[in-house]
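Remarks on the structure that follows.
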2 protein chains.
Amino acid sequence: MLGELKALTQLEFSLTSDRPQPGMLRPRGRTERIRTAVLAATRAELQAHGYAELTVERVADAAGVAKSTVYRRWRDTTGLLTELLRELVRTDLPLPDSGSIETDLRELALGISRFYADPVQRSLFLGVIAAAVHDPRAADALREFYAARNSQAAESVQRAVKRGELPADTDPVEVIRALGAPFYYRMLVTHEPVNDAVAEKAAAAALAAVRAGAHRTR
Amino acid sequence: MLGELKALTQLEFSLTSDRPQPGMLRPRGRTERIRTAVLAATRAELQAHGYAELTVERVADAAGVAKSTVYRRWRDTTGLLTELLRELVRTDLPLPDSGSIETDLRELALGISRFYADPVQRSLFLGVIAAAVHDPRAADALREFYAARNSQAAESVQRAVKRGELPADTDPVEVIRALGAPFYYRMLVTHEPVNDAVAEKAAAAALAAVRAGAHRTR
DNA sequence: ACCTTAACGCGACTCGCGTTTCATTACCAT
DNA sequence: ATGGTAATGAAACGCGAGTCGCGTTAAGGT
């Protein structure tokens, strides 16, 4: 029981039944203040120096907290990044619903390109993706994030299928993944800038592919 | 002439004019043996333990070389990986030329999926991509590698354009990049396995997109 | 107001990566 | 073969990330 207290910050209290018993954890008050301060400091460090120089000690100093506290609760910088990601998935984005899959896909793509125009978000994702290569925790956080986000965005595709705009056996999530792939290729492999022009091309390519039946179940 | 021999290991004295004068470097003999041994040891370590546990000291031990030697010539593990990449771009792959862009794209995609089925190649690329997030040397190595490989593969597309199979203003390299993007999305973001089925879908999507004119110059 | 104890702060400590120094080796030109 | 000198080997060293133990603080139930 007590051994799992650390799990609080990582997976939050979602699974532990919330009962106000003696001998329980104390998520309110100081603990919560520190959590907020540390995450804010992490974001600030990402903006100021980027992922490359992100250090637990620097984050702790910036947050005005002992470094042992950060190590205890988040373990390392990857723990900080993954929690920022879990934080992000909770904030919901506006999803397009124009009635046309063409404009919906374009708006989704433009949303992606503008999202990564923010240096903080860009550093955050690049950092988590880089960490995920050798850290299963980061990989899990990524999977969870995109499972949520992609299924939300896939609703546009789902509606288009119902309207008869797209083949009936289209895999909606697969379309969204195909839409996003070019962005990650550019950010990770070729390190090219990601802008609206890229978004337009990605949307056009995804649209053509799904219309041709390239993204079907099976 | 001799000046480039050292550049083969790192950039080092690339700026010194090459003169076969006394007081030059010694790229043959022991130096070359060590280079081969260290790179082979790096590959072996990648296969045995993966990128996560790749360490200069372990590579040096495995190669039977002093670690200071490896540090001097390659600086860190990223230096080792980037040189493996530069080594790889020199070995040329068979390029498809079936006379049909559809089968060419499919064969190219299958080649990619089979390439990354090899744990060593997979670890190598994931490692370099992860390092490139915060290390410009790795980013440069990646750019050079794909600039070479993609332009080679783009010849298939170029031929298809000339045959009239594809729009005249098609950007050949862009088609190849679109073909590759889904693989990196899966390997880096969702950490899904990459197999022949993925390749088939990637080829179909790229084909539909380019036929629809989604990959034109400007 | 009081008590229990989870959570934090602080400092000392460990450990390993990477650096530096200097002696030694062995290329390569003569 | 022989000398000059890159290049390597060996070992000590510095530094900083991450750990540990313990005293202190404050949350939250009574």
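The values are calculated or read from the model by the stated rules, or taken from the named source; none is laboratory data. Computed from a predicted model, the values in this text were never measured in an experiment. Counting neighbours? That spans all protein chains shown, and the Cβs are built from the backbone with ideal geometry, glycine included. Keep in mind that these areas ignore ligands, DNA and RNA; they rest on the heavy atoms of the full protein, side chains included. Shrake-Rupley method; radii C 1.70, N 1.55, O 1.52, S 1.80 Å.
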Convex hull per residue volume in Å³, alpha carbons only, for the stretch A:93-211: 100
Ellipsoid semi-axes in whole angstrom, largest first, where each is sqrt(5λ) of the Cα gyration tensor of chain B: 37, 21, 14
Using a 7 Å Cα-to-Cβ projection, B:VAL120 label spacings across copies, nm, ascending: 4.5
Relative contact order of chain A, defined on C-alpha pairs under 8 angstrom at six or more residues apart (%): 20
Over the stretch B:41-133, relative contact order from alpha-carbon pairs under 8 Å, at least 6 apart, %: 35
Inter-part distance where the stretch A:33-68 and the stretch A:131-171 are each reduced to a Cα centre, Å: 31
Å³ per residue enclosed by the Cα convex hull of the protein assembly as shown: 185
Percentage relative contact order, the stretch B:89-211, counting C-alpha pairs under 8 Å, at least six apart: 35
Label-point separation in nm, B:ARG72 to B:ARG114, each point 7 Å along Cα→Cβ: 4.3
Of A:GLY79, A:GLY99, A:GLY111, the one that fluctuates the most in a GNM where chain A has Cα springs shorter than 10 Å: A:GLY99
Convex hull per residue volume in Å³, alpha carbons only, for the stretch B:166-218: 71
Helix B:30-49 axis, angle to chain B major axis (alpha carbon atoms, nearest 10°): 60
Nearest-ten-degree value, helix B:196-211 long axis tilted from longest Cα axis of chain B: 60
Most fluctuating residue given options B:PRO96, B:PRO119, B:PRO136, as computed from a GNM of chain B linking Cα atoms under 10 Å: B:PRO136
Cα centroid separation - the stretch A:185-203 against the stretch B:186-212, whole Å: 17
Total accessible area lost when A and B pair, probe 1.4 Å, Å² to nearest 100: 3000
Label spacing, shortest first and in nm, from B:ASP92 to its equivalents in the remaining copies (7 angstrom along Cα→Cβ): 5.6
Estimated FRET transfer efficiency (A:GLU102, A:ARG218; beta-carbon r; R0 25 Å; 0.05): 0.50
